[in-house]
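A short reminder: the numbers here are calculations on the coordinates, not readings from a lab. All values reported here derive from a predicted model rather than from experimental measurement. Neighbour counts run over all protein chains shown; Cβ positions are idealised from the backbone, glycine included.
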Ligand SMILES: *Cc1c(COP(=O)(O)O)cnc(C)c1O
């Protein structure tokens, strides 16, 4: 499969190159040249297929012949290695729990899939690839875990000192092997700026790539979730509406890709915190990116969502067509906390702040009588322990995955400036 840059200046390239480069030379993100719907028969009989078979059907055209089928199946088996249950919350609302993976963040699937593809593509190359990533918390842990032990791939994670939770810090600083954590004296934006500068710095001789959702190998496997939810629901519910807590809009864009592949989805709702660039765009058609604001759903604190351009491409850059299939609403922290309480009081379900924003999106959109709403739970409540325990009268049990890292020893190199990062990368 070939991919083109959405800035339309760089030439088309293969899946392999798109994975290794991350971003095209013209700084545009990659988009697949064609999208061929899956057979109706497959969709109608989806319950008869295993999650591994479904994932293979969904992704194979986007990989093409660049990874042999048996290898691709192996990669999928390593990636899709936990459950994705839809748990009922209200009579007509359920939540798709995406947090049963090794770091309890939904990014586990994309990170593992990308790591395995990169490892495969780089196995005939003597040069190592360095994955450079800035994290405000959740991405770092998922990337560290997904890439741990990947041959020929080094991972360097920059995180803001004192600005991530203890659990998150342990998840990205205790693994060792090919994973290095750099503790930056600064905030997330400083980490992000350093990473961007490094990508543009021609004096750095290492092959650098990024591991955020601009990378097609991290973005596309997120389609699986929507198929897995449909598999569980389609016999009882015909009209399914997904609400996706959105930051960079990679996850919801993958949902729309699943719909293009023929998955029957009635409507998509992109739910955001007060970082409301996209909800505003839908109102007046003007895309005005702005600096991000800090919220309690901090994995969505994004002022210029990098995948939104892919969503526009999927709707031929036509605002009216987009609006007929897609809505987006923004919510404050107060509304989020109130909703966590309301969900807990009504059903006993403990939603994390991101999930609560997703729930709010369904409520705001409204559900007709025969519609069923699904909000995606993108993180386990333990990942946002302070806020959850402050808001709800509960004590969250620490799951086994987290117990394991909590007592490990943190290893991180402190840096303060771009010069420090550069000399680290030139070692
Ligand atoms: C990354 C993340 C999101 C946002 O996903 P996007 O694909 O960037 O929109 C939402 N919730 C959690 C917990 C996340 O880690």
Please rank 165, 213, fewest neighbouring Cβ atoms within 10 Å first, as an exposure proxy. 165, 213
Linear extension gain, residue 196 paired with residue 420, 0.36 nm per residue minus alpha-carbon span: 79.2 nm
If you count the DSSP beta bridges with both ends in the chain, what percent of them are antiparallel, to the nearest 5? 20
For residue 124 paired with residue 235, estimate the spin-label separation in nm (one decimal), with each label point 7 Å from Cα along the Cα-to-Cβ line. 4.6
Check: C-alpha center region 323-394 vs C-alpha center region 103-122, spacing in Å is 27
Most mobile of 378, 180, 95 per a Gaussian network model of the chain (Cα springs, under 10 Å)? 180
If I model a spin label at residue 74 and residue 345 as a point 7 Å from the Cα along the Cα→Cβ vector, what separation in nanometres do I get? 5.4
Contact order normalised by residue count of region 208-310, Cα under 8 Å, 6+ apart, percent: 29
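Report the FRET efficiency, 1/(1 + (r/R0)^6), for residue 304 and residue 53, where r is their Cβ-Cβ distance and R0 is 22 Å, rounded to 0.05.
0.05
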Simple SL model, points at 7 angstrom along Cα→Cβ for residue 207 and residue 338; separation in nm is 5.3
With contacts defined as alpha carbon pairs under 8 Å and 6 or more residues apart, what's the relative contact order of the chain in percent? 18
Using a Gaussian network model of the chain with C-alpha springs under 10 Å, which one of 298, 212, 92 is most mobile by mean-square fluctuation? 92
Assertion target for 319, 96, 392, ordered by fewest C-beta neighbours within 10 angstrom first, is 319, 392, 96
PRE reach from residue 40 (point 7 Å along Cα→Cβ): which of region 256-282 fall under 14 Å by backbone N? 262-264
Helical contribution to [θ] at 222 nm, DSSP H n ≥ 4, -39,500 (n - 2.57), averaged over the chain, rounded to 500: -12000 deg cm²/dmol
In whole angstrom, note down how far apart the Cα centers of region 77-98 and region 1-31 are. 32
Residues in region 256-274, backbone N under 18 Å from the label point at residue 287 (7 Å along the Cα-to-beta-carbon vector): list them, ranges by number please. 256-257, 270-272
Output ordering of 224-230, 256-262 (per-residue mean of other Cβ within 10 Å, highest first) is 224-230, 256-262
Exposure proxy order (Cβ contacts within 10 Å, fewest to most) of 39, 136, 246, 330: 39, 330, 136, 246
Gaussian network model of the chain, Cα springs within a sub-10 Å range: biggest mean-square fluctuation belongs to which of 285, 358, 146? 285
